[in-house]
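Notes follow the structure.
Values quoted throughout were computed directly from the atomic coordinates according to the rules given, and no laboratory measurement underlies them. Predicted model only: the values in this text are computed from it and were never measured. A quick note on method: Cβ atoms are made from the backbone with ideal geometry, for glycine too, and the neighbour counts reach across all protein chains shown.
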Amino acid sequence: MRPRLRIPLATAVLVAGTVLSAGQQAPSAPAGQPGRFTAASSGVLVDVIVRDKKGPVMDLNAEDFTITEDGKPQDVVSFERHMVADTASSGGTTTVSGPTPAKPAASTPAIVALAYDRLTPEGRGLAYKASQAFLKNRRPDELTGVFVVDQALRTMTTYTTNPQKLDAAIEQAAQAATTQTGKEAGGLAARAGVNSPGPAVAGAESAGSPPGVGGGGSAPAAAGAATDQAAMGSAGAQAALVSAVTRMDQSYNDLIAQVQGHASMDALLALVDSLGTLPGRKTVLYFSEGLAIPPAVEPRFRSVIAAANRSNVAIYALDAAGLRVHSEQEQSKNQLAELTKAAVAGTDRDPNTKFTGDLEQNEAMLRSSPEAGLTILSTQTGGMLIQGSNALDKGVQRIDEDRRNYYLLGYVSTNPALDGTFRKIEVKLKRPGLEAHARPGYLAVPADMGAPVLTYEAPAIAAMNATPRPTAFPIQTRALAVPMPGHAGLTAVMIGVAASSLTFTEDTKTGTYAGDAVVVASLSGPAMRKQSQEYKMTGKLDQLAQVKSGALLFFRTPELQAGKYDVSSVVYDATGSKASVAASSVTVPNAESVTVGDLFLVARVEKIAATDTAMANHPLVASGLLLYPSFGEPVSKAKRPELDLALPLVINPGEKPPTATLQILQGGQKLAEIPMPIDKPGADGRLMQITRLPSAAIPPGTYDFKVVLFVGTNKVERTTSMVLTD
């Protein structure tokens with residue numbers, strides 16, 4: 001049975017009737033980007049914090065610094081010294097020029113975002129105290145916003161200098177309950193007798209208290225647990241239960257880590273990207289009780305770091321878990337010890353699972369360390385991690401020193417190519433006894449793509465901006481206006497490539513194949529939009545021939561402002577390190593009493609189930625059929641006895657339907673014109689008008705099919721081209 005292709009406003013991959021998985025794993029290049037630069041310039045700005053044992057050092061000049069990019073020395077062409085001698089004063093940023101002439105620093109206010117990521121009541125208490133310390137020392141001209149990270153990014157207050165609004169927003173954030181996706185205290189393993197040896201965190205109430213006193217203590221066994229264990233009888237049976245529930249705990253926690261990780265990364269990415277539109281150096285104070293980075297989340301994590309560096313945003317992570325009594329690694333070690341005892345007791349293991357399988361989770365355990373993810377996030381964005389203390393307010397003082405005292409160095413890269421590669425930046429000081437802290441580097445891609453540049457997109461975007469544009473293999477692209485009721489700007493963006501054009505590796509030992517491709521569509525017009533997908537294609541080697549006989553289809557439906565857009569499409573074969581770029585355009589209509597989309601030839605149709613309500617609202621579904629638009633490829637009359645033309649319309653309720661005619665033109669000359677009746681729209685005004693023509697009545701050749709609609713006294717025209725062959 002041939003699997004059915006579904007395109008629920010997302011991306012589908014159809015290869016010879018086989019739906020392939022679309023992964024999100026990115027290339028393994030380091031994360032990080034520059035402070036600020038544009039596509040038209042290779043200028044790079046780097047903010048540098050210099051400290052000695054006493055604190056910030058602000059008497060250096062340009063000649064005291066050396067900057068290298070990928071090991072090559074760079075000439076400092078601009079130098080600014082930003083400092084605030086008295087943090088309680090109300091003066092602006094001070095700029096002192098050294099011997100190297102420097103452009104005076106713009107008197108832009110500092111911008112700070114306070115973000116609270118799913119904190120427990122104890123964590124919210126520590127974060128609230130630290131936030132109050134921040135407010136106490138905040139300068140009057142500093143813009144501050146308050147946000148809560150949950151399943152979505154919640155705004156407590158937008159950026160403001162109003163202290164009353166900020167105080168109320170922080171109070172609201174401290175009281176805001178967030179989604180807790182974990183199970184009941186202790187988990188299933190604890191209920192089976194696999195208990196944690198002590199509290200994971202010494203909270204504000206229990207700090208310094210013995211285990212079991214205050215907020216901590218071992219999780220008590222559930223009522224009846226002892227009876228349950230006694231009823232199990234043999235030690236082997238008991239060990240089997242321990243092994244089963246521990247494995248269930250592990251599987252559940254892995255899934256939860258992915259859900260929470262994606263939610264945190266998406267929220268941070270949105271926050272950092274929005275800050276990129278604001279001038280100057282920006283700071284995020286990120287309160288979290290740990291940031292697990294499972295493999296599925298790691299590409300998004302690297303993208304957050306890249307976007308932060310790109311937007312000149314420094315992330316300072318504050319571990320709101322406070323003073324940790326024992327680490328996640330210790331708890332994992334104890335769980336593994338229980339599994340080992342269960343195995344020694346004679347528990348039978350799944351024959352498909354290696355005995356050392358659980359021991360191979362070491363990397364995952366390290367990733368789950370509360371400190372590891374926060375450390376990488378902060379240090380890779382020019383910030384730092386405040387941890388291991390129930391007095392986070394003291395860490396805020398250090399953060400204030402950093403963000404108010406720094407140097408801004410500018411250089412023009414000796415490698416101006418925006419080729420998507422990571423450029424490593426190193427800043428060194430000639431004066432001994434000092435420590436320089438700066439961003440590690442950047443991805444050389446255009447500055448404004450309308451959305452954060454994800455790490456896996458970088459090589460594809462570099463190909464898109466190459467001169468001349470690469471055309472390593474044929475690709476197809478098309479963009480169509482497909483308005484829906486209430487969504488006049490809905491646009492269908494499609495990119496197709498033959499799977500045989502892509503590179504696949506073949507592993508004869510495992511009998512598998514693998515391929516990796518990235519598709520990016522960039523829309524430039526009244527607004528900038530970027531859509532993308534990475535495809536990880538794997539399967540059995542004996543299926544590779546069938547896969548290569550099919551094609552990969554990328555489909556997105558962004559909603560755009562009215563106007564004309566140029567669409568650049570790129571398919572990057574990551575395995576073969578080659579790419580192709582194609583261009584198209586689309587005009588998005590204004591919302592009118594009758595909104596007219598683009599005319600297109602239907603390449604094929606697919607019936608959808610009557611119970612599939614999600615697909616029923618798809619913009620390319622009509623009368624229970626999913627319509628696949630043609631890319632403009634030649635149409636064989638022998639294979640297509642009928643030609644189906646589709647025109648999406650939205651007719652406001654109560655509005656009189658327009659009148660229309662269909663013209664057939666060749667070389668600009670009108671060959672025929674026939675009336676085109678307009679059907680009755682649905683109750684919401686939606687209509688996909690289908691017109692069917694017999695191909696036998698049209699000789700082979702190249703034609704334009706034009707629909708002319710009359711809406712009152714207004715005339716609207718839509719045209720599509722077609723090549724007919726025998």
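Pull up the cross-link candidates among the lysines for Lys282, meaning alpha carbon to alpha carbon under 30 Å and not fewer than 8 places away within one chain.
Cross-link targets: Lys53, Lys54, Lys72, Lys103, Lys129, Lys136, Lys165, Lys394, Lys424, Lys428, Lys430, Lys530.
With each label point set 7 Å from Cα along the Cα-Cβ vector, what nm distance links Glu673 and Lys607?
Each label point lies 7 Å from its Cα, and together they span 4.0 nm.
Place a point 7 Å from the Cα of Arg692 along the Cα-to-Cβ direction; which residues of the range 596-613 have their backbone N under 17 Å from it?
601-608
At what distance in nm do the modelled label points of Leu45 and Lys428 sit from each other, each positioned 7 Å from its Cα along Cα→Cβ?
2.7
Tell me, what ³J(HN,Hα) does each residue in the range 171-176 have, in order and in whole Hz, if you take phi through Karplus 6.51 cos²θ - 1.76 cosθ + 1.60 with θ = phi - 60° and put x for Gly and Pro?
Result, ordered by residue: 4, 5, 5, 5, 9, 6 Hz.
What is the order of Val284, Val621, fewest Cβ neighbours within 10 Å to most?
Lowest to highest Cβ neighbour count: Val621, Val284.
Pairs of lysines 8 or more apart, or on different chains, with alpha carbons under 22 Å: count those in the range 616-726, would you?
Lysine pairs satisfying the spacing and distance rule in the range 616-726 number 10.
From the phi angles alone, apply the Karplus equation (6.51, -1.76, 1.60; θ = phi - 60°) to the range 540-554 and give each ³J(HN,Hα) in whole Hz, x where the residue is Gly or Pro.
For the range 540-554, the Karplus-derived couplings read 6, 4, 6, 9, 5, 4, 5, 4, 5, 7, x, 9, 9, 10, 9 Hz, x marking Gly and Pro.
From the phi angles alone, apply the Karplus equation (6.51, -1.76, 1.60; θ = phi - 60°) to the range 562-567 and give each ³J(HN,Hα) in whole Hz, x where the residue is Gly or Pro.
The phi angles translate into 5, x, 8, 10, 8, 10 Hz.
Listed highest first by mean packing, meaning other Cβ atoms within 10 Å per residue, what order do 590-598, 376-384, 453-461 come in?
So the order, starting with the most tightly packed, is 453-461, 376-384, 590-598.
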